[in-house]
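Right, one structure below, let's go through it.
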Amino acid sequence: MYKRVLLLGDSQTQRGAAPQGWVNLIADKYCRRLDITNRGLSGYNTRWFLERICDIVPAVPAYHYDLGVLWLGNNDTVGEGCVQHVPQREYSRNLTLIVSKLVDCIGIQHSNLLILTPTCVDEVMLDKVFPNSGRTNERMREYADLTLDVARDRKCEHADLYSLFSKHTGKGLFTDGLHLNTEGNGLVAQVVDNFLSHRIEGTLPLPDWKDLS
């Protein structure tokens, strides 16, 4: 009756559950239409996510989903000396394998999986809060391009958040140069809303109370 939606990611997704977060905005709008599960894991990169994918989304019927949003890569992009860093070739391989797991094990069709790229960052703000993280816009763009390559190769829906956020940099989209503020969360919510709105029925699964008499 209710389509099930699985949101997978790192802190950008975990923090999305906050009152003005993108996950919360989506859940509020579709509370009568969708069952939404948030599996955002702060700090995770694609390597750690892939290693634990069977615990995150067990391959049993109870964990089958109709739609999915996958947003990783924000931690893989740190500098080579950081523990979260994942080299580009491994990143592409990990992301491809994660997509395969979602399709083969929990039933999400490629066309019903939205893959989001890493955003750009505010380098000045970021260096004050996370000094020596190694994250630069040049590096974020490279990983964003790899994300798009995987999505296109696997015939998944995709959104280039790097380019989208780059067009709005003057508005201030981050709390610390990486994580999203209210405006940044609003941009992501619009992208995800556009993806979901084309994949759900126009009528409510259950009738409005006014129609029950």
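The values are calculated or read from the model by the stated rules, or taken from the named source; none is laboratory data. None of these values were measured; they are calculated from a predicted model. No Cβ is skipped: glycine too gets one built from the backbone with ideal geometry, and neighbour counts run over all protein chains shown. For accessibility, only protein heavy atoms count, side chains too; no ligands or nucleic acids. Shrake-Rupley method; radii C 1.70, N 1.55, O 1.52, S 1.80 Å.
With the whole protein complex present, Glu138 retains an accessible surface near 130 Å², based on a 1.4 Å probe. The trypsin sites (Lys or Arg not before Pro) of the range 30-84 that meet both conditions, a loop assignment by DSSP and at most 16 other Cβ atoms within 10 Å of the site Cβ, are Arg32, Arg52. Computed with a 1.4 Å probe over protein heavy atoms only, the accessible surface of the chain comes to 49 Å² per residue. Between Leu114 and Gly68, Val69, Leu70, the built amide H atoms are under 5 Å apart, and every one of these is 5 or more places off in sequence or on another chain. Only aspartates and glutamates eight or more places from Lys167 in sequence, or on another chain, were considered; those with a Cα closer than 20 Å are Asp122, Glu123, Glu138, Glu142, Asp145, Asp176, Glu183, Asp193. Converting phi to 3J(HN,Hα) with the Karplus coefficients 6.51, -1.76 and 1.60 and the offset θ = phi - 60°, the range 199-208 yields 10, 10, 6, x, 8, 6, x, 10, x, 5 Hz in sequence order, with x at every glycine or proline. Placing +1 on each Lys and Arg Cβ and -1 on each Asp and Glu Cβ, with no other charges, gives the chain a dipole about its Cα centre of roughly 300 debye.
Checking the cross-link pairs Lys3/Lys128; Lys29/Lys171; Lys101/Lys171; Lys29/Lys128; Lys29/Lys155 against a 32 Å limit on the alpha carbon distance flags Lys3/Lys128; Lys101/Lys171; Lys29/Lys128 as lying beyond it. Mean residue ellipticity at 222 nm, helices only, the chain: -12000 deg cm²/dmol; runs of at least 4 DSSP H residues each add -39,500 (n - 2.57), and the sum is divided by the number of residues. Ordering Gln20, Asn75, Ile53 by the projection of their Cα atoms onto the charge dipole of the range 1-79, which places +1 on the Cβ of Lys and Arg and -1 on the Cβ of Asp and Glu, puts Gln20 at the extreme positive end. For Cys82, which sequence-distant residues (separation of 5 or more, or a different chain) have an amide H within less than 5 Å of its own amide H, given hydrogens modelled in the peptide plane? Counting only residues 5 or more places away or on other chains, the set is empty.
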